[in-house]
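The values are calculated or read from the model by the stated rules, or taken from the named source; none is laboratory data. Predicted, not measured: the structure shown is a model, and the values here were computed from it. Every residue, glycine among them, receives a Cβ derived from its backbone with ideal geometry; neighbour counts consider all protein chains shown. Quick note on the areas: whole protein, heavy atoms, side chains included, nothing else; ligands and nucleic acids left out. Shrake-Rupley method; radii C 1.70, N 1.55, O 1.52, S 1.80 Å.
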Amino acid sequence: MIKVNFPYWGPLLFKTSIDIDQINQLNDLCLKNKIKNNKATVAHIEEQYQLNKIKFQEILKPQLLAFNETYHQYYLKKIKGLNATTVWVNFMKKGEFNPLHIHGNCNFSSVLYLKIPKKIKEENKKFIGKGAGPGAIEFFYGEENENIVSYFSHFPEEGDFFIFPKTLKHIVSPFKSDVTRVSIAANFKSL
């Protein structure tokens, strides 16, 4: 059974996780593939590489099916499935970040976390200030108001997997630790 979570607000921000076998398969896919991502992204991340979208989708088949079911329950309408259009891995290092942005040429976007070094976790725990802190992802929707939920932040764990509408604004905060955080981003068209 695939466990699914989502915040109660406007769009469906689908969150699930993948198992260790899937993590290992995706790590292998990332290491074998060193095709520089030439797609224009807003990320300030030096090492971004394209991944095989068919293999990516095969590995995540159970989670993508769970998304279809959750989408139906959330919106009371069905989609036949998701087809990955672009998939890339981010090897994020200290000082790198992803500014506030949305995705284009798709219906849904996603992020999946493969490696969250212990040093980033420790740095995040020590963070004092506003926002989710170093290494976190933050999602923003609608206007800010005391009676409206317009913000969701999350410090990722290895295996966390989010799928969300392409227009959901999000940001990834930089960290100072001299380590590499590995995540996979993917865009999907609905079938």
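Here are the numbers:
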| quantity | calculated |
| --- | --- |
| Residues (open to solvent by less than 10 Å² (accessible area, probe 1.4 Å) and among the aliphatic types (A, V, I, L, M)) located in region 55-64 | L60 |
| Residues that are over 17 Å from the mean Cα position of the chain (by Cα) and outside any loop (DSSP other than H, G, I, E, B), drawn from region 141-191 | N145, I148, S190 |
| T180 at pLDDT 95 or above and polar (S, T, N, Q) | yes |
| Members of region 60-112 that are among the acidic types (D, E) and within 30 Å of F175 (Cα to Cα) | E96 |
| Residue that is open to solvent by 60 Å² or more (accessible area, probe 1.4 Å), modelled with pLDDT of 90 or more and in contact with a Phe, Trp or Tyr (Cβ under 7 Å, 6 or more places away or on another chain), where the choices are N83, N24 | N83 |
| Search result, residues across region 143-164 that are open to solvent by 70 Å² or more (accessible area, probe 1.4 Å), at pLDDT 80 or above and of a type outside the set (D, E, K, R) | Y151 |
| Tally of residues being touching a residue at least 24 places away in the same chain (Cβ under 8 Å) and open to solvent by less than 30 Å² (accessible area, probe 1.4 Å) across region 65-78 | 4 |
| Selection status of S110, of a type in the set (S, T, Y), open to solvent by less than 30 Å² (accessible area, probe 1.4 Å) and more than 24 Å from I23 (Cβ to Cβ) | no |
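For every residue, the table says whether it meets (1) more than 15 Å from the chain's Cα centre (by Cα); (2) hydrophobic (A, V, I, L, M, F, W, C); (3) under 21 Å from K166 (Cβ atoms).
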site: I2; (1), (2), (3): yes, yes, no
site: I18; (1), (2), (3): no, yes, no
site: Q25; (1), (2), (3): yes, no, no
site: K32; (1), (2), (3): yes, no, no
site: F56; (1), (2), (3): no, yes, yes
site: I59; (1), (2), (3): yes, yes, no
site: Q63; (1), (2), (3): no, no, yes
site: I79; (1), (2), (3): yes, yes, yes
site: A84; (1), (2), (3): no, yes, yes
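Yes or no, residue by residue, for (1) of a type in the set (D, E, K, R); (2) loosely packed, with under 15 Cβ neighbours inside 10 Å:
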{"position": "L100", "(1), (2)": "no, yes"}
{"position": "G104", "(1), (2)": "no, yes"}
{"position": "K121", "(1), (2)": "yes, no"}
{"position": "G129", "(1), (2)": "no, yes"}
{"position": "P134", "(1), (2)": "no, no"}
{"position": "L168", "(1), (2)": "no, no"}
{"position": "K176", "(1), (2)": "yes, yes"}
{"position": "S183", "(1), (2)": "no, no"}
